[in-house]
Structure formats: structure tokens, C-alpha cells
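The structure appears right after this line, and notes come after that.
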Amino acid sequence: MNTSVASAKTRVALWDNARFALIVLVVIGHLISTVRTDTELGFGLYAYIYLFHMPAMIALSGLFSKPEVTPKAITSTVQLLVVWLAWEGIWALLRGLVEGKQLSQSFLVSPSWTLWFLVTLATMRILLPYIARFKHPLLLATALALIAPLLPAIGVNFSAARTLAFLPFFVGAWLARERGWLSGEWFMTPGRAIRSAAWGLLAAVALGLATLALAPAGLKGSWRIDRWLTHRDSYAWMFENAPLGAWNANGSGVLGWFGLAAGGVLVGAILIVVAAAMTLALLLVVSRKHSIATVWGARTLYVYLLHGVIVWALRESGFVDSVGSLGWVGIVVLALIAAAITAVLSTRIVSRVFRPIVEPRIDWLFKPVPTAPSA
């Protein structure tokens, strides 16, 4: 997700097309979230989206991050934090006026709903210069992601759990660009065989979820994978509340802890591999041509921040529940509505109106950057 809208001449269509595809999935996922367990289609679609959409969003951010602490990088990171604080205030005001809610003790400590992404992204940018100094930065990031859920104290405060869970995708994408792993023709202009393989992988995951959904217990009855894909809780909590069939790795004593650790790391590693594979597959099948999606893809931050208010309003009004009660037809309708919301929020008029609370100018906070003396 890009926090600045550069001119079309300096932007590569691939990245903006991918951003738009992913932000559509974000809005669909949020709109069907509260009714996802009502149907196998809703649960399967939610699981499919959450398997990779946020890892892919994080990866796209990592692709364009640098470990150097430059004035531009500092300004960009501070802008994220300013926007986060502004939107925390907006959400507090909305919930206070509509729901009568008071500020909770976790205000600002636990980011409101979608705002975790801003905190996570800012934290990753701050961490990258340090992680980049290590000999094997991706290995370090992956180890942190797999070990963190063993510590229940790492939770939602300042989005710590999600930051560590998604760190491998941020670091991996930065490393891929740094070392030129994605600069080859196989990626920039993939042939039919590569694109077919990528489509096949995406279809295989969908087919696997559909097969489980058609099983007697159903996908939801077999594994509440949705609870694993929120990346907020410890392995112990997830095995207790979302065991894989009859497999609950929780045990007692030292041997029980090692069993939990082994089981959690195994599942976590598989989810990381699946998310990475689906992310790469999506990037391979996305169009390299400029289109309206390319233009809209440059405004994904507007969609990300503004759609939450619309989805919240639709939930509070009972609209989502009413449409969701239609079964699988309702899920399809909600998905189409989500796509329409994304398109509307991607328009130029929306970015012009809401720029002060999405991309505020904060240059006045910083000292002027001294210009180099002329030779």
C-alpha cells in the first residue's frame, strides 16, 4: 500500500494493478467477516483471502522500503504515525457518538480495527535498518515470526503480534528487490507456462478449501483456520480454540511445551510458505498493462482507511446480517458490493476530498533539508 500518489509516468503498472486486486480482497474480507461462519462459501472465501492478502500487502510495502534512514524515509514513517493517530481520533469520535462508547483503557495502545496496518508498517520501517545489518535477515525475520506466538504476552498492543507474524514478507520482499530476484524476465514478463502454473497454484488452494468444505464436517468443522489467520494469538490459544481436527498440541509440563512449540512452528511455517507462494502467484498473473485498475491502485490507502467506516455503518445498520442471511447468494452479493465500494473510493474526487486525513502534509514538522553546496 503506497502512502503517496506519484505520477503515472513514474509508476510500474504491475505494482499498482496488484495493489488494486489486493485492496478489493481486503474490502471483501471485511464485509463478509461477521457472517463468514454462516455458510461454507463465506467461510471458505474468507479463509482463502486471509491466507495471503495481508502478507501480500505487506510484501508490496517491503518492496519499496530501504534500510537507509533518509529524510524522506523519516517523513514517510512519521506520516504513517500521524495518520494513525488522526484515525484513532476519528474512530473514537464515531463510536462515541453512534454507539455511546467511552475511550477504553487500551486506547492508542491497541490499534482500532484496520489501523493495526499503519502501526505495523511504521514499526517494520523502523526495524528494517537494524535487521538489514544481519547476515541472514530473512532467516531472522522468519524465526521471530515462528517463535513469537510461543509467548502469550506478545499480543495486540501496538500490533506487536501481527508485526512479527508478517515481518518475513516485508523483509523478504525488500531482499528480493535488493538482490534482483524479481528483475528477471521470468517475473517481469512471465510466459504462458509460468502464468499457467501460478493460476494452477491459486486454483489448487481454492480447490483444497472447497474439498474440505464439501466434507461431512465442513471446512469450519474441520479447522477454524480463520482464527489462525488473524495472527493475534498464541499457539496455545489457537490450538485450544481452533484445533486441527482432533489435533490439539497443548500438553502439560516441559514435554507438553515442546510439543506445543513443535506443532505451532510446523503450522506457522506451512502458513508462511502458502502465503508466500500465493503472493508470488498473484504477482505473476496480474496484468502488466496500464488500465483504470492501475490508476485506482495508486490510491489504495484511501480505500483502506475509508472503507472501514462504510463497512462499520453497514454492519451497525443490520444490512450485512440481512444480506448474509440469504446464504451463499448473500455472500456473492456482499462480495459484489465490496468491489463497488472499492471502485468508488478509488476515484480522484475521493482522494481530493479526503487527502487532509489520509495524506496530510507534515513538512512543517521537520527542519529544512540542507542542500549540497554547488561545486
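The values are calculated or read from the model by the stated rules, or taken from the named source; none is laboratory data. Keep in mind that this is a model prediction, so the values were computed, not measured. Ideal geometry is used to build each Cβ from the backbone, glycine not excepted, and the neighbour counts take in all protein chains shown. Areas reflect the complete protein model, heavy atoms only, side chains present, ligands, DNA and RNA absent. Shrake-Rupley method; radii C 1.70, N 1.55, O 1.52, S 1.80 Å.
Tabulated results
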read-out	value
Where a residue in segment 266-280 is more than 12 Å from residue 142 (Cβ to Cβ) and at pLDDT 95 or above and its partner, wherever it lies, is in a helix (DSSP H, G or I) and open to solvent by 30 Å² or more (accessible area, probe 1.4 Å), with Cβ under 8 Å and at least six apart	274/205; 277/201; 278/201; 278/205
Complete set of residues in segment 31-49 that are closer than 17 Å to residue 341 by Cα and surrounded by fewer than 23 Cβ atoms within 10 Å (Cβ to Cβ)	33
Unmet requirement for residue 326, which otherwise passes all of (1) closer than 22 Å to residue 25 by Cβ; (2) part of a helix (DSSP H, G or I); (3) open to solvent by 90 Å² or more (accessible area, probe 1.4 Å)	(2)
Filtered residue count, segment 77-95, keeping only those that are β-branched (Val, Ile, Thr) and over 16 Å from residue 365 (Cα atoms)	1
Which listed residue is assigned to a helix (DSSP H, G or I) and within 24 Å of the chain's Cα centre (by Cα), from 219, 182	219
In segment 58-83, residue most open to solvent (accessible area, probe 1.4 Å) [restricted to those that are within 21 Å of residue 137 (Cα to Cα) and among the charged types (D, E, K, R)]	66
Counted residues, segment 93-124 - those being in contact with an Asp or Glu (Cβ under 9 Å, 6 or more places away or on another chain), under 16 Å from residue 157 (Cβ atoms) and assigned to a helix (DSSP H, G or I)	1
Number of the condition not met by residue 154 [criteria: (1) open to solvent by 20 Å² or more (accessible area, probe 1.4 Å); (2) part of a helix (DSSP H, G or I)]	(2)
So residue 52, is it aromatic (Phe, Trp, Tyr), modelled with pLDDT of 95 or more, in a helix (DSSP H, G or I) and open to solvent by less than 10 Å² (accessible area, probe 1.4 Å)	yes
Residues of segment 233-263 that turn out to be over 27 Å from the mean Cα position of the chain (by Cα) and in a loop (DSSP other than H, G, I, E, B), as a count	6
Scan of segment 125-139 for residues that are surrounded by 16 or more Cβ atoms within 10 Å (Cβ to Cβ), out of contact with any Gly (no Cβ under 6 Å at 6 or more places or on another chain) and not in a loop (DSSP other than H, G, I, E, B), ordered by number	125, 127, 128, 131, 137
All positions within segment 256-265 that are closer than 15 Å to residue 243 by Cβ and in contact with a helix residue (DSSP H, G or I) (Cβ under 9 Å, 6 or more places away or on another chain)	260, 263, 264
Failed item in (1) out of contact with any helix residue (DSSP H, G or I) (no Cβ under 9 Å at 6 or more places or on another chain); (2) in a helix (DSSP H, G or I), with residue 90 passing the rest	(1)
Lone unmet requirement of (1) within 23 Å of residue 169 (Cβ to Cβ); (2) open to solvent by less than 30 Å² (accessible area, probe 1.4 Å); (3) in contact (Cβ under 8 Å) with a residue 60 or more places away in the chain; (4) assigned to a helix (DSSP H, G or I) for residue 230	(4)
All positions within segment 48-90 that are acidic (Asp, Glu) and without any contact (Cβ under 8 Å) to a residue 40 or more places away in the chain	88
Verdict on residue 337 being crowded, with 19+ Cβ neighbours inside 10 Å, out of contact with any helix residue (DSSP H, G or I) (no Cβ under 6 Å at 6 or more places or on another chain) and of a type in the set (A, V, I, L, M)	yes
Check on residue 299, among the basic types (Lys, Arg) and buried (at least 19 other Cβ atoms within 10 Å of the Cβ)	yes
Residue 254 being aliphatic (A, V, I, L, M) and open to solvent by 50 Å² or more (accessible area, probe 1.4 Å)	yes
Only one of 61, 33 that is within 30 Å of residue 179 (Cα to Cα), at pLDDT 95 or above and out of contact with any Cys (no Cβ under 7 Å at 6 or more places or on another chain)	61
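Residues checked against (1) of a type in the set (Phe, Trp, Tyr); (2) at pLDDT 95 or above:
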position	(1), (2)
99	no, no
116	yes, yes
168	no, yes
197	no, yes
204	no, yes
212	no, no
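Condition check ((1) closer than 15 Å to residue 56 by Cα; (2) in contact (Cβ under 8 Å) with a residue 60 or more places away in the chain) across all residues:
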residue: 155; (1), (2): no, yes
residue: 161; (1), (2): no, yes
residue: 170; (1), (2): yes, yes
residue: 175; (1), (2): yes, no
residue: 178; (1), (2): no, no
residue: 184; (1), (2): no, no
residue: 191; (1), (2): no, no
residue: 196; (1), (2): no, no
